[in-house]
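Below is one structure, written out as structure tokens; the observations come after it.
The values are calculated or read from the model by the stated rules, or taken from the named source; none is laboratory data. Being a predicted model, the structure only gives us computed values, none of them experimental. Counting neighbours? That spans all protein chains shown, and the Cβs are built from the backbone with ideal geometry, glycine included.
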Amino acid sequence: MTSSPTTDALEVAASWLETLDLTNQVATALADVAESSVDLVAIGKAAGEMSDAARSALGTRVKRHLIISDASGAARRPDDDAVVVGEHPVPGAGSLAAAHRLVAFLREPTEAELTLVLVSGGASSLCAWPADPLGLDGLAELWRAALGAGVDITTLNRLRAATSMIAGGAVLREVTTPRSRTLIMVDNVVSGAPWVASGLTYEFTPSSSEVAELLERVAIPTGPLAARIEAATLRRRAVMQRPVTTHHENRVVADPALLLEHATARAAALGYEVHSLGASLQGDVDNLAARFAAVLDDLTSRHGQHCVLGVGEVTVHVRGSGIGGRCQELAWTMAPVLAALGEPASFVARSSDGRDYVEGVAGAWVDAATLARVNEAGLDWAAIKADNDSHRGLAALGQLIEGGHTGWNLCDLYVAVLEPRGSSIVDSL
């Protein structure tokens with residue numbers, strides 16, 4: 001049975017799903033489109049939902065559409081021939097086919113006046129066209145190198161864009177309508193909208209020295225993979241020499257701050273004093289856990305109920321062979337933090353897209369008694385952490401959060417709830 005802090009933390013972590021309205025967000029961003037006819041392209045984990053919202057706002061003005069989604073999103077539209085499925089988090093054959101379909105769609109003769117591109121997280125993987133000689137296998141190697149180095153997503157996406165036939169603004173060379181607009185659902189707390197989908201509709205042509213610096217960050221400064229990446233960037237530069245003929249603009253339709261705003265409102269409605277860590281949390285999972293620990297430790301001496309909130313995306317250094325996800329890793333790391341407080345406390349880490357790397361898992365929760373449960377179950381907390389096997393540990397304790405396609409992708413939400421014993425006004429009388 002979960003404690004009251006856990007119940008409240010789980011409610012705060014999920015309540016935004018009922019209050020955020022994507023249709024209104026998209027309609028507002030399209031209010032000035034007037035009577036233009038539109039070709040619509042949606043790419044990412046929230047592609048279907050963003051497409052539905054845009055078509056609701058534009059009605060019969062949408063002449064053609066293309067949706068590039070993951071398998072769970074596509075399953076909601078089994079009869080739509082315009083839906084293409086790519087792979088995530090590592091691009092596969094479907095991702096390459098999706099990129100080819102995208103370029104063919106943009107090149108087809110059209111009477112539309114505006115090309116509308118709807119972008120959400122996951123697009124870098126779901127729709128990918130690496131320049132030769134990198135190839136899909138090279139992209140997979142780059143993904144593994146980035147995980148091992150523990151770099152942020154922007155570093156990875158900059159390298160993806162530098163070697164892509166569509167990302168980093170390359171796709172704009174294929175747009176034939178007089179005007180084009182991208183609406184972006186932001187899931188990147190490091191550098192925001194420009195690096196969602198590897199900067200799909202933002203111009204990016206790095207110099208050789210910039211590419212070399214990026215390769216240093218992912219710990220592959222030399223060797224066969226580095227050579228393939230460097231050769232791919234040269235091939236891609238030739239594409240970028242072609243002129244862009246459309247008049248393009250990029251707009252943000254939703255960002256992580258929106259998620260934090262709605263979670264804050266729910267926590268306050270439940271009677272908690274809310275302490276916000278902001279909507280741009282990033283860095284190593286251990287460092288973020290230490291930050292939460294410092295705030296919670298300070299709050300143990302203060303009266304009342306407290307809720308510490310933050311939105312972001314932690315970095316996990318994958319050194320083990322286990323299974324987990326960013327949220328699961330952070331929750332597992334927080335277990336001894338809560339145990340050390342000696343007070344009723346709970347922590348929830350939940351992915352806004354409903355998938356914390358493992359299909360069917362949205363995140364996890366821990367409380368002040370979790371570490372004791374770990375020991376009672378005969379598990380080794382430190383060994384599980386070292387092997388990046390948080391999924392196994394949390395599953396054994398029944399502390400995973402069920403996941404599923406949400407139609408959103410606004411990073412991860414972190415909720416810590418604390419009600420110190422002996423600090424309330426009643427107890428102090």
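Summary table below
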read-out: Residues of the stretch 75-93 satisfying the condition of being buried (at least 20 other Cβ atoms within 10 Å of the Cβ) and in a helix (DSSP H, G or I); value: none
read-out: Complete set of residues in the stretch 359-374 that are assigned to a loop (DSSP other than H, G, I, E, B) and out of contact with any Gly (no Cβ under 9 Å at 6 or more places or on another chain); value: Ala369
read-out: Among (1) modelled with pLDDT of 95 or more; (2) under 30 Å from Leu296 (Cβ atoms) - the single one Glu18 does not satisfy; value: (1)
read-out: Residue in the stretch 105-115 that is farther than 21 Å from Arg242 by Cα, buried (at least 23 other Cβ atoms within 10 Å of the Cβ) and of a type in the set (A, V, I, L, M) present; value: no
read-out: Close pairs from the stretch 135-148: first on the phi < 0 side of the Ramachandran plot, partner of a type in the set (Ser, Thr, Tyr) and assigned to a helix (DSSP H, G or I), Cβ under 9 Å, at least 6 apart; value: Leu136/Ser95; Leu139/Ser95; Leu139/Ser125; Trp143/Ser125; Ala146/Thr155
read-out: The stretch 1-56 - residue that is acidic (Asp, Glu) and part of a helix (DSSP H, G or I) and, of those, nearest to Glu343 (Cα to Cα); value: Asp8
read-out: Output for the stretch 205-223, where each listed residue is exposed (fewer than 13 other Cβ atoms within 10 Å of the Cβ) and in contact (Cβ under 8 Å) with a residue 60 or more places away in the chain; value: Ala219
read-out: Which numbered condition Ala395 fails, given (1) part of a loop (DSSP other than H, G, I, E, B); (2) closer than 21 Å to Ala369 by Cβ; (3) at pLDDT 95 or above; (4) not aromatic (Phe, Trp, Tyr); value: (1)
read-out: For Arg326: the one exception among (1) in contact with a strand residue (DSSP E or B) (Cβ under 9 Å, 6 or more places away or on another chain); (2) under 22 Å from Leu270 (Cβ atoms); (3) surrounded by fewer than 24 Cβ atoms within 10 Å (Cβ to Cβ); value: (2)
read-out: Residue among Leu200, Leu183 that alone is among the aliphatic types (A, V, I, L, M), over 14 Å from Leu156 (Cβ atoms) and assigned to a loop (DSSP other than H, G, I, E, B); value: Leu200
read-out: Qualifying residue in the stretch 238-246 (condition: in contact with a strand residue (DSSP E or B) (Cβ under 8 Å, 6 or more places away or on another chain) and under 27 Å from Val189 (Cα atoms)); value: no
read-out: The stretch 349-358, subset of a type in the set (Gly, Ala, Ser) and part of a strand (DSSP E or B), residue surrounded by the fewest Cβ atoms within 10 Å (Cβ to Cβ); value: Ser351
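Yes/no matrix, rows are residues, columns are (1) surrounded by 19 or more Cβ atoms within 10 Å (Cβ to Cβ); (2) among the acidic types (Asp, Glu); (3) out of contact with any Asp or Glu (no Cβ under 7 Å at 6 or more places or on another chain):
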position	(1), (2), (3)
Gly121	yes, no, no
Ala128	yes, no, yes
Leu136	no, no, yes
Leu139	yes, no, yes
Leu142	yes, no, yes
Ala146	yes, no, yes
Ala149	no, no, yes
Leu156	yes, no, yes
Leu159	yes, no, yes
